[in-house]
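Structure first, then comments.
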Amino acid sequence: MKKITGIFILSFFLLFLFSCKNSNTTTVTEKENKNHVENKKEHKDCKDVHWSHHKGEEGPENWKNLCDGFKDCGGKSQSPIDIQTTNVKNDKELSSPEFHYSDSKVDIINNGHTVQFNVTGDNFVKLNGKDYKLLQFHYHALSEHTIDGKHFPMEVHFVHKNSDSDFAVIGAMIKEGKPNQLFEKYLEHFPTDKGEYKSDETFNILNLLPENKSYFYYSGSLTTPPCSEVVNWYVLKTPIEASKDQIVKFSKILNNNYRPVMPLNGRAVELFNE
């Protein structure tokens with residue numbers, strides 16, 4: 001009888017521990033969901049908070065203190081970074097990006113922080129087995145990422161999002177060279193102040209990209225507030241080109257709209273060679 005009672009008590013104790021474990025797992029999940037909702041609310045509350053790329057109280061070094069929704073700007077997985085080419089490792093599990101871009105109309109917006117192209121149509125890229133829809137692309141001068149400590153005159157970011165709300169941003173450095181096709185077509189329409197230009201013309205965005213699609217990959221963040229650490233970064237190894245005159249003209253509209261490079265903090269930077 002004592003033996004049976006002992007077995008019953010032991011079984012009850014194990015069942016109790018198992019229940020507690022499941023309960024704790026549920027609590028963690030609920031907490032993560034709650035934090036996600038709160039972060040979205042905090043970001044919404046920050047929509048009227050002014051920030052800048054220039055030094056000072058509203059500058060990059062202080063973004064994390066401007067609003068609770070910007071606290072990720074002080075996180076450990078921030079972008080951009082300096083890509084040290086001698087420290088990257090080849091990753092055979094990465095694959096070549098498959099671009100499905102077509103002729104599209106664009107709305108050109110100067111939002112005071114960048115010149116952004118909102119894209120119409122069903123443009124997407126397949127990256128390592130996942131489809132990401134192209135939302136927009138925009139420009140920075142100087143480049144945000146640096147390669148072996150060096151800036152390029154400009155950088156363009158192609159911002160994509162998938163059905164799981166994961167972001168994939170493809171970054172392409174811009175060096176001085178032959179005229180850029182998109183700049184030739186639209187540069188005269190870039191709003192010089194905050195504003196928008198709607199174009200009835202179409203343009204195939206694929207023409208902006210280099211033939212060689214080798215890239216550096218790492219996990220990071222948005223480079224502007226709220227600096228959410230939700231971005232898979234694909235920085236193309238081969239730069240694209242724009243003429244000196246085009247770069248100068250863009251810089252007269254927006255210049256120094258780049259965030260300084262952030263610490264890598266142990267993150268791996270991987271290389272896919274096409």
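In the range 182-201, the residues that are closer than 15 Å to Thr120 by Cβ form Cβ pairs under 8 Å with partners that are assigned to a strand (DSSP E or B) and among the charged types (D, E, K, R), at six or more places apart or across chains, as follows: Glu196/Asp107; Tyr197/Asp107; Lys198/Asp107; Ser199/Asp107. Taking first residues from the range 55-77 that are among the aliphatic types (A, V, I, L, M) and partners that are in a loop (DSSP other than H, G, I, E, B) and modelled with pLDDT of 95 or more, the Cβ contacts under 7 Å between residues at least 6 apart in sequence or on separate chains come to Leu66/Val49; Leu66/Trp51; Leu66/Glu58. Comparison of Lys198, Lys237 shows that the only residue that is basic (Lys, Arg), surrounded by fewer than 19 Cβ atoms within 10 Å (Cβ to Cβ) and either within 19 Å of the chain's Cα centre (by Cα) or within 21 Å of Lys105 (Cα to Cα) (or both) is Lys198. Only one of the numbered conditions (1) part of a loop (DSSP other than H, G, I, E, B); (2) farther than 14 Å from Asn232 by Cβ is violated by Ser165, and that is (2). Only one entry in Ser165, Ser219, Ser228 is more than 17 Å from Gln116 (Cβ to Cβ), within 17 Å of the chain's Cα centre (by Cα), among the hydroxyl-bearing types (Ser, Thr, Tyr) and at pLDDT below 95, namely Ser165.
Scan the range 70-80 and give yes if some residue there is hydrophobic (A, V, I, L, M, F, W, C), surrounded by 13 or more Cβ atoms within 10 Å (Cβ to Cβ) and either in contact with a strand residue (DSSP E or B) (Cβ under 8 Å, 6 or more places away or on another chain) or not in a loop (DSSP other than H, G, I, E, B) (or both), otherwise no. Yes, because at least one residue in the range 70-80 is hydrophobic (A, V, I, L, M, F, W, C), surrounded by 13 or more Cβ atoms within 10 Å (Cβ to Cβ) and either in contact with a strand residue (DSSP E or B) (Cβ under 8 Å, 6 or more places away or on another chain) or not in a loop (DSSP other than H, G, I, E, B) (or both). Does Leu142 fit the bill of being assigned to a strand (DSSP E or B) and on the phi < 0 side of the Ramachandran plot? Here the answer is no, as Leu142 does not meet what is asked. One residue alone among Leu222, Leu271 is over 22 Å from Leu182 (Cα atoms), of a type outside the set (S, T, N, Q) and part of a strand (DSSP E or B), and that residue is Leu271.
When Tyr101 is tested against (1) loosely packed, with under 15 Cβ neighbours inside 10 Å; (2) at pLDDT 95 or above; (3) closer than 24 Å to Tyr218 by Cβ, just one condition goes unmet, and that condition is (1). Of all the residues in the range 244-267, those that are assigned to a loop (DSSP other than H, G, I, E, B) and touching a strand residue (DSSP E or B) at 6+ places or on another chain (Cβ under 7 Å) number 5.
The values are calculated or read from the model by the stated rules, or taken from the named source; none is laboratory data. Computed from a prediction, not measured in an experiment: that's the story for all the values here. FYI the Cβ positions are ideal-geometry reconstructions off the backbone, even for glycines, and counts take in every protein chain you see.
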